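Below is one structure, written out as structure tokens, with a few remarks after it.
The values are calculated or read from the model by the stated rules, or taken from the named source; none is laboratory data. All of these numbers come straight from a predicted model, not from anything done at the bench. Cβ sites come from the backbone with ideal geometry, for glycine too, and all protein chains shown count toward neighbours. Calculation scope for accessible area: heavy atoms of the full protein, side chains included, ligands and nucleic acids excluded. Shrake-Rupley method; radii C 1.70, N 1.55, O 1.52, S 1.80 Å.
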Amino acid sequence: MNETIEFSATVSTMTRDGVLVVTIDNPPVNATSVDVRSGLEKALAHAETAADVTGVVVTGAGKTFIGGADIKEFGKPAMEPTLPDVIETIEGLSKPVVAALNGAALGGGLEVALACQYRIASPAAQVGLPEVKLGIVPGAGGTQRLPRLIGILAALDLITSGRSVKAEEAVTLGIIDEVAAGDLIEAAISAAFALAGKPLRRTGELNVAAADPAEIEKVSAKILARARGQKAPAEAVRLVTSSNRPLAEGLADERATFLTLRDSRESAALRHVFFAERESSKVVGLEGVEPRPVETIGICGLGLMGSGIAVAALGAGYSVIGLDQTSEAAEKGRQRIIGLLERNVAAGRLDQAGFEAQKARLSVTADDADLAPCDLVVEAVFDDLTVKTDLFQRLDEVVRPDAVLATNTSYLNPDEIAAATAHPERVLGLHFFSPAHVMRLLEVVRCSKTAPDVLATGLAVARKLRKLPVVTGVTEGFIGNRIFSAYRREAELLLEDGALPHEVDAALEDYGFPMGLFAVYDMAGLEIAWARRKRQATTRDPSARYVEIADTLCEAGRLGQKTGRGWYAYPEGKRTIDPEVTAIIEAARAKKGITPRAFSMREIVERMLAAMALEGEALLTEGIAARASDIDLVMINGYGFPAYKGGPMFART
Ligand code: 3H9
């Protein structure tokens with residue numbers, strides 16, 4: 001290679017065998033910030049005019065090719081050159097350009113690669129157009145060039161789901177041409193060398209392959225139904241399905257759509273969620289703290305929750321020792337775990353070899369002493385203080401003093417559980433959501449005595465389990481259930497004030513929740529919350545407004561869907577408004593002398609959101625949640641709050 005030329009702070013080149021190797025070095029993910037774009041423009045201009053350059057290779061430094069456009073630039077005034085400008089230059093170059101995908105090529109990164117004449121990838125590379133996840137569509141040719149390369153149906157799938165594919169699948173689909181077995185840059189230089197002087201195969205000049213219109217129609221309808229009113233997937237469908245038109249026309253339409261969506265509230269909300277997820281792992285006081293090593297996880301209680309946790313742990317590569325009260329219960333738990341693994345096999349999420357390997361890492365027992373090798377023990381036993389403290393005291397006897405103990409309690413005070421143990425500093429809460437092998441949220445509870453490296457261990461395990469950990473302090477219900485209680489309380493106040501359950505549910509569903517609150521209650525059963533209300537009855541503030549309607553329903557045996565009646569009736573299983581419930585609500589209003597009034601959907605949603613945000617503020621003031629965006633993540637990932645609304649704290653801004 002000859003000398004390095006720096007075209008900007010982030011773009012430099014070297015020439016080998018007449019091939020200009022352009023490297024983008026813009027950590028952390030080589031996003032196409034303005035400095036990258038201008039560096040690329042200059043390097044390409046040099047390639048076009050330099051007589052000794054016959055071809056170009058574009059690659060990224062580090063483990064990413066290009067992670068996409070710089071999302072932090074969104075919302076700021078546009079800076080020239082734009083990414084479409086750069087991409088037009090790449091495609092228009094009179095010399096071959098080869099993309100050497102050393103790692104992830106996402107969004108604008110894949111769009112750069114699509115405009116190149118040849119794409120070669122390292123085996124670890126992945127490609128995708130995840131823009132819809134940020135509430136936008138690809139804005140630099142993705143919706144027009146990808147269909148030209150792989151057809152409308154395959155492009156629809158990738159662009160509207162935002163999923164990324166590994167190098168091998170990308171070759172099969174036709175997105176990339178080759179996976180480099182050896183040195184990627186050497187292979188890319190050879191490819192550029194081989195293409196020099198030959199007619200250029202420009203992606204933008206390819207025809208979109210004909211596809212069955214009926215099939216396109218069917219697939220599009222499915223995508224639109226799934227999008228539930230979100231704009232980005234709908235616009236992506238429109239742009240991809242109309243890509244069989246002159247490139248310039250398609251690109252202009254795509255650009256205008258991208259700019260409108262980029263400035264939308266929906267995209268601002270989804271970008272907020274993107275950064276919130278990265279921010280949540282930054283925990284004050286844990287800088288530089290090393291987690292304890294964990295290889296073997298003990299799980300106490302192999303019911304639905306414990307089995308789900310076991311499946312998540314096996315999937316992440318941990319060895320699991322399950323404990324239950326009797327050998328029969330332990331064996332039943334083992335069967336349940338294997339049943340869940342088999343479901344993963346049937347769904348194609350796990351191959352036979354993986355299944356056998358996971359099964360081999362699982363053992364169950366009814367003898368506490370068998371938990372001795374565990375580095376971490378998670379309890380998922382009955383949510384009762386005596387049961388849990390008794391278990392932790394027994395664990396003190398059998399596990400190493402440096403092993404971490406985690407409680408999965410939802411409502412008990414983990415500080416009380418910790419206080420009953422010999423080493424409270426090794427206790428924390430790991431509050432999984434059911435089903436634990438599916439739900440992404442994991443509240444990591446920092447107890448008053450939890451040691452920093454124990455908390456760091458909880459977070460490291462959570463990440464290995466591919467969960468989204470959010471740290472919470474100790475309070476009744478932690479972050480999620482505290483906000484959820486406020487949400488529920490407000491919904492019941494709305495009933496007293498004049499709304500009906502189906503009106504509240506319709507407003508919430510229209511806002512974007514997958515299901516209204518009262519329908520959710522009926523599905524889950526009303527008895528657990530009823531029992532809790534009865535427990536709390538003596539300590540409740542008598543001057544606070546208390547809505548008795550739910551108690552009246554429970555007393556009438558209306559415990560939800562499984563009893564055929566709850567907030568709704570279920571004749572033949574179908575959810576129906578029940579005049580009996582309406583009468584109970586009217587009687588409750590009359591008893592308190594409340595004159596009901598009508599509520600619009602908007603008013604209902606505003607009251608519910610305000611109640612959640614108010615409780616969120618309280619959590620921040622009390623230091624239970626570290627930041628508002630953590631609260632948003634909890635409600636989005638554990639309670640069905642629509643991500644494209646950004647969470648209750650974002651929504652109030
Ligand atoms: C787009 O391309 C639009 C175009 O179609 C049209 C343009 C005209 N920008 O995830 P990590 C930061 S839209 C700015 O932990 P990993 C991130 O905040 C874009 N910053 O790393 C974090 O910062 P910090 C389409 C970004 O190794 C740091 O990088 N592209 C961007 O686990 C590390 O992030 C996407 O949606 C960005 N684009 O995963 C891809 N990306 O350290 C988004 C990341 O301060 N990115 N950061 O917290 C990803 O999926 C992952 O970051 C990636 C690396 C897989 C690349």
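Observations on the structure shown:
- When residue 307 is tested against (1) away from the ligand (no atom under 16 Å from the Cβ); (2) small (Gly, Ala, Ser); (3) over 23 Å from the mean Cα position of the chain (by Cα), just one condition goes unmet, and that condition is (3).
- Tabulated pairs, region 415-440, first farther than 24 Å from residue 315 by Cα and open to solvent by 30 Å² or more (accessible area, probe 1.4 Å), second β-branched (Val, Ile, Thr) and part of a loop (DSSP other than H, G, I, E, B), C-beta under 6 angstrom, 6+ apart or interchain: 415/474
- Filter result for the condition that a residue is open to solvent by less than 10 Å² (accessible area, probe 1.4 Å), within 9 Å of the ligand (Cβ to nearest atom) and touching a strand residue (DSSP E or B) at 6+ places or on another chain (Cβ under 8 Å), over 13, 32: 32
- Sub-6 Å Cβ pairs linking a first residue in region 62-81 that is under 23 Å from residue 21 (Cα atoms) and of a type in the set (Phe, Trp, Tyr) to a second residue that is within 11 Å of the ligand (Cβ to nearest atom) and assigned to a loop (DSSP other than H, G, I, E, B), at least 6 apart or interchain, are 65/103, ordered by first then second residue.
- Unique residue being at pLDDT 95 or above, within 22 Å of residue 392 (Cα to Cα) and in contact with an Asp or Glu (Cβ under 6 Å, 6 or more places away or on another chain) when the list is 294, 364: 294
- Set 457, 475: member being in contact with a Lys or Arg (Cβ under 9 Å, 6 or more places away or on another chain), in contact (Cβ under 8 Å) with a residue 40 or more places away in the chain and surrounded by fewer than 24 Cβ atoms within 10 Å (Cβ to Cβ): 475
- Residue 225 vs. criteria more than 21 Å from residue 138 (Cβ to Cβ), open to solvent by less than 50 Å² (accessible area, probe 1.4 Å) and either without any contact (Cβ under 8 Å) to a residue 12 or more places away in the chain or in contact with a Ser or Thr (Cβ under 8 Å, 6 or more places away or on another chain) (or both): no
- Of the listed requirements (1) surrounded by fewer than 24 Cβ atoms within 10 Å (Cβ to Cβ); (2) within 31 Å of the chain's Cα centre (by Cα); (3) more than 15 Å from the ligand (Cβ to nearest atom), residue 119 misses just one: (1).
- Considering residues of region 53-66 that are closer than 23 Å to residue 92 by Cα and not hydrophobic (A, V, I, L, M, F, W, C) only, the residue nearest to the ligand (Cβ to nearest atom): 60
- Residues in region 67-76 that are outside any loop (DSSP other than H, G, I, E, B) and within 6 Å of the ligand (Cβ to nearest atom): 71, 72.
- Output for region 322-340, where each listed residue is surrounded by fewer than 23 Cβ atoms within 10 Å (Cβ to Cβ) and among the aliphatic types (A, V, I, L, M): 329, 330, 338, 340
- The condition of being within 29 Å of the chain's Cα centre (by Cα), among the hydrophobic types (A, V, I, L, M, F, W, C) and open to solvent by less than 20 Å² (accessible area, probe 1.4 Å) holds for only one of 113, 124, that being 113.
- Residue in region 390-408 that is at pLDDT 95 or above, under 20 Å from residue 528 (Cβ atoms) and either crowded, with 19+ Cβ neighbours inside 10 Å or in the same structural domain as residue 377 (by TED's automatic domain parsing) (or both) present: yes
- Matching entry among 322, 339 (being in the same structural domain as residue 370 (by TED's automatic domain parsing), small (Gly, Ala, Ser), under 26 Å from the mean Cα position of the chain (by Cα) and more than 18 Å from residue 462 (Cα to Cα)): 339
- So residue 75, is it modelled with pLDDT under 95, in contact with a Ser or Thr (Cβ under 8 Å, 6 or more places away or on another chain) and at positive phi: no
- Residue in region 205-222 that is most open to solvent (accessible area, probe 1.4 Å), counting only those that are of a type in the set (Val, Ile, Thr) and either in contact with a Leu (Cβ under 8 Å, 6 or more places away or on another chain) or under 18 Å from residue 130 (Cα atoms) (or both): 219
- Assessment of region 41-50 against the conditions (outside any helix (DSSP H, G or I), touching a Leu at 6+ places or on another chain (Cβ under 7 Å), open to solvent by less than 10 Å² (accessible area, probe 1.4 Å) and away from the ligand (no atom under 12 Å from the Cβ)) yields no matching residue.
- On inspection, residue 444 fails the criterion of being of a type in the set (Val, Ile, Thr) and over 20 Å from residue 483 (Cβ atoms).
- Any hit, region 79-88, residues being among the polar types (S, T, N, Q), farther than 22 Å from residue 148 by Cβ and within 16 Å of the ligand (Cβ to nearest atom): no
- Residue match in region 13-32 (condition: touching a residue at least 60 places away in the same chain (Cβ under 8 Å) and of a type in the set (Lys, Arg)): yes
- Residues being of a type in the set (A, V, I, L, M, F, W, C) and open to solvent by 30 Å² or more (accessible area, probe 1.4 Å) - total across region 341-372: 10
- Of all residues in region 277-305, those being over 18 Å from residue 401 (Cβ atoms) and hydroxyl-bearing (Ser, Thr, Tyr) number 2.
- Every residue from region 620-649 that is part of a loop (DSSP other than H, G, I, E, B) and buried (at least 24 other Cβ atoms within 10 Å of the Cβ): 625, 641, 646, 647
- Which listed residue is under 27 Å from residue 22 (Cβ atoms), in contact with a Leu (Cβ under 8 Å, 6 or more places away or on another chain), more than 10 Å from the ligand (Cβ to nearest atom) and open to solvent by less than 10 Å² (accessible area, probe 1.4 Å), from 136, 189, 176, 150: 176
- Residue 434 falls short on exactly one of the conditions (1) under 29 Å from the mean Cα position of the chain (by Cα); (2) hydroxyl-bearing (Ser, Thr, Tyr); (3) part of a helix (DSSP H, G or I), and that condition is (3).
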